[in-house]
Amino acid sequence: MNLDREMSSLAEGQHGLVASYQAYDLGMTKQSLSRRRGAPDWEAITANVLRRVGSPATPAQRAMAAVLDTGPDAWLSHLPAAAWWDLPGPRLEPLHVTRRKGVGRRRSELCVVHEMTDIERRHVTILNGVQVVRPELLAYQLFGSLHPLRAERLVESAWRHRLLSGRSIRRVLGDLAEQGRNGTTALRDYLDRRGDNYVPAASNLEARFEQILRDAGESPMRRQVDAGDETEWIGRVDFADEELPLLVEIQSEKYHAALCDKEHDRARLAALRAAGFKVLEFTDHDVWHRRSYVLAEVRAARRRWRQRYPPAA
């Protein structure tokens, strides 16, 4: 195994960076890693992070460095995580990182370090190469660290852009809620005031899909609808036809890989189809840039269903 090649390959997916503990996992010794510090191809950012010489020095690289410097079980969090998820308003810096309590004691020169005891893998993900808390855990942190009105605006924006839902937030509340922990009461109150059937204002993506139908003279669809068969709820879908068993799901190419539980998503769509629904899946690129394709797919699906189930005379 060529360890230099392995390190370079790892750095390519991490904004040009490698942590020392990752190099050890590849099989590098402390002595061999020490020789690479200050070598022509690598430079030390901190005692724990090496940068590939020539890699772009970007805000993303600084965020990556802070996460790597904090330790293996560490994730971008709080307002910087909100910025990483593209919520309007927050800035990426100063950086904040949350790590699992007990995995290390060292401080980082690059960020403010927070610790949590009960953080689980289902609460975190990877977005654009950087380990980051998922939107549901972010909502918890925002309500625990910000004025409730500011936290509410940010969580509402995440909800509107379908990064989270009332159900997904409640699942995390069930995982993390402890008596006295900051944010628990305020976040639960926020959810209770909206109720289980709350639907936030339409996102630009949803409005664009509605516009495609409207401009073509097609019948509108209901937005954010609970779907299922005669016995159970299966899931909430983006759009449902008013008359036909036709559903539309629109996935963000930017966020889908980070947010999607692929096995659960496949099972959910299979259950909807088994219940008799036709499910059309589009990407945000389709909706913004392939209007004719989206319209043709909707029209074809409606035509097939009407041929199969003609209206009664």
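Among the numbered conditions (1) hydrophobic (A, V, I, L, M, F, W, C); (2) under 20 Å from Leu127 (Cα atoms); (3) part of a helix (DSSP H, G or I); (4) touching a residue at least 24 places away in the same chain (Cβ under 8 Å), tell me where Val18 comes up short.
Single failed check for Val18: (3).
What are the pairs with Cβ atoms under 8 angstrom where one residue, in the stretch 88-108, is more than 29 Å from Trp159 (Cα to Cα) and in contact (Cβ under 8 Å) with a residue 40 or more places away in the chain and the other, located anywhere, is of a type in the set (Gly, Ala, Ser) and crowded, with 20+ Cβ neighbours inside 10 Å? Sequence gap at least six, or different chains.
Ser108/Ala66
Would you mention how many residues in the stretch 31-63 are among the hydrophobic types (A, V, I, L, M, F, W, C) and part of a strand (DSSP E or B)?
Counting residues in the stretch 31-63 that are among the hydrophobic types (A, V, I, L, M, F, W, C) and part of a strand (DSSP E or B) gives 5.
Please identify the pairs in which a residue from the stretch 186-198 that is within 17 Å of His147 (Cα to Cα) has its Cβ atom under 8 Å from the Cβ atom of a residue that is of a type outside the set (Ser, Thr, Tyr) and loosely packed, with under 12 Cβ neighbours inside 10 Å, counting only partners at least 6 apart or on another chain.
Final answer for the pair search is none.
Does Ala202 satisfy the condition of being outside any helix (DSSP H, G or I), hydrophobic (A, V, I, L, M, F, W, C) and within 27 Å of Leu79 (Cβ to Cβ)?
Spelling it out, Ala202 is indeed outside any helix (DSSP H, G or I), hydrophobic (A, V, I, L, M, F, W, C) and within 27 Å of Leu79 (Cβ to Cβ).
Given the structure, is Ala83 of a type outside the set (D, E, K, R), at pLDDT 90 or above and not in a loop (DSSP other than H, G, I, E, B)?
When the stated conditions are applied, Ala83 passes them.
Based on this model, can you work out whether Val53 counts as β-branched (Val, Ile, Thr), surrounded by 20 or more Cβ atoms within 10 Å (Cβ to Cβ) and modelled with pLDDT of 90 or more?
no
Pairs only if they're at least six apart or on different chains, beta carbon under 9 angstrom, first in the stretch 200-223 and under 12 Å from Val248 (Cβ atoms), second among the hydroxyl-bearing types (Ser, Thr, Tyr); list them, first residue then second.
Correct list of pairs: Leu205/Ser252; Leu213/Ser219.
Quick check: is even one residue across the stretch 56-70 at pLDDT below 95 and on the phi > 0 side of the Ramachandran plot?
For the stretch 56-70, residues at pLDDT below 95 and on the phi > 0 side of the Ramachandran plot: absent.
Restrict the check to the stretch 258-267 and report whether at least one residue is out of contact with any Cys (no Cβ under 6 Å at 6 or more places or on another chain), in contact (Cβ under 8 Å) with a residue 40 or more places away in the chain and under 21 Å from Glu206 (Cα atoms).
Yes, the stretch 258-267 contains at least one residue that is out of contact with any Cys (no Cβ under 6 Å at 6 or more places or on another chain), in contact (Cβ under 8 Å) with a residue 40 or more places away in the chain and under 21 Å from Glu206 (Cα atoms).
Identify all residues within the stretch 7-22 that are crowded, with 21+ Cβ neighbours inside 10 Å and among the small types (Gly, Ala, Ser); write none if there are none.
Gly16, Ala19
Give me the pairs: first residue in the stretch 114-125 and of a type in the set (Phe, Trp, Tyr), second residue not in a strand (DSSP E or B), beta-carbon distance under 7 Å, and six or more apart or on different chains, which are they?
none
Check Ala66, Ala23, Ala11 and return the single one that is hydrophobic (A, V, I, L, M, F, W, C), part of a helix (DSSP H, G or I) and within 20 Å of the chain's Cα centre (by Cα).
Ala66
Tell me, please, whether a residue that is farther than 21 Å from Glu115 by Cβ and acidic (Asp, Glu) can be found in the stretch 26-47.
Within the stretch 26-47 (the criterion being farther than 21 Å from Glu115 by Cβ and acidic (Asp, Glu)), the answer is yes, since at least one residue qualifies.
Taking the criterion of being under 12 Å from the mean Cα position of the chain (by Cα) and within 16 Å of Leu79 (Cβ to Cβ), would at least one residue in the stretch 111-130 satisfy it?
yes
Met28 is checked against (1) assigned to a helix (DSSP H, G or I); (2) in contact with a Ser or Thr (Cβ under 9 Å, 6 or more places away or on another chain); (3) surrounded by fewer than 22 Cβ atoms within 10 Å (Cβ to Cβ) and fails just one. What number does that condition carry?
(1) is the only condition that Met28 fails.
Out of (1) surrounded by fewer than 20 Cβ atoms within 10 Å (Cβ to Cβ); (2) outside any loop (DSSP other than H, G, I, E, B); (3) of a type in the set (Lys, Arg), what's the single condition that is false for Arg99?
Against the list (1) surrounded by fewer than 20 Cβ atoms within 10 Å (Cβ to Cβ); (2) outside any loop (DSSP other than H, G, I, E, B); (3) of a type in the set (Lys, Arg), Arg99 comes up short only on (1).
The values are calculated or read from the model by the stated rules, or taken from the named source; none is laboratory data. The structure displayed is predicted, hence computed values, not measured ones. Here Cβ is always computed from backbone atoms with ideal geometry, including for glycine, and neighbour counts include all displayed protein chains.
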